[in-house]
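I have placed the structure first, in the form of structure tokens, so that the comments after it can refer back to it.
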Amino acid sequence: MSYKHILVAVDLTEECDPVIRRARDLAIASGATLSLVHIVEPMAMAFGGDVPMDLSQLQQQQFDQAKEKFEALKHKYLKNHDRPINLSDCHLTYGQPRQEIHNLAKTQECDLIVVGSHGRHGLALLLGSTANDVLHGAPCDVLAVRLATKH
Ligand code: AMP
């Protein structure tokens, strides 16, 4: 069975590259469509939802910065790569990464989600990771691309 629609989730750090490259190679090998997603986490959510000040302006700045980076990433892969990626869809949305990635995988009928994973241990493992989070309850297969361990 080969994959038909691969969704690659990126955190917009320099670590996106190995994750996107792996997803691209898989997409080429299986003739799958590739879509890209980044989720901007609302600040109030990051602070536990109980912040006694107006975050809307900061929130807008955060979204604008993410959009700029996302566009640069798309451009880099669409135009400047030796083996350009044919990205069918690019999604930039607000929300909680696990929930939004799962929702998107369902609505877009993706059969593989690709994320990066740091292979954490010790305290960092207790704090959890997005890769772990995405794996639980995922509507399809999940591939965790091993990244250099963060300390
Ligand atoms: P982390 O556990 O935060 O180090 O992230 C591991 C991987 O989860 C990243 O390499 C991305 O594939 C994915 N990821 C993390 N944050 C986001 C985000 N905000 N939107 C989409 N994917 C994300």
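Table for the structure above
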read-out	value
Amide hydrogen neighbours beyond the local backbone of His91, cut-off 5 Å, H modeled	Leu36, Val37, His38
Placed amide H near Leu147: partners under 5 Å, 5+ positions off or other chain	Ser117, His118, Gly119
Environment charge at Gly137 (Cβ cut-off 12 Å; Lys +1, Arg +1, Asp -1, Glu -1)	+1
Spatially proximal aspartates and glutamates relative to Lys67 (Cα-Cα < 14 Å; intrachain offsets below 8 disregarded)	Asp11, Glu41
All aspartates and glutamates inside 17 Å of Lys106 as judged from Cα atoms, apart from same-chain residues fewer than 8 positions distant	Asp89, Asp133, Asp141
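No value in this document is a laboratory result; all are computed from the given coordinates. Remember, it's a predicted structure, so these values are computed and weren't measured experimentally. Using ideal geometry, Cβ is built from the backbone for each residue, glycine included, and neighbour counts are taken over all protein chains shown.
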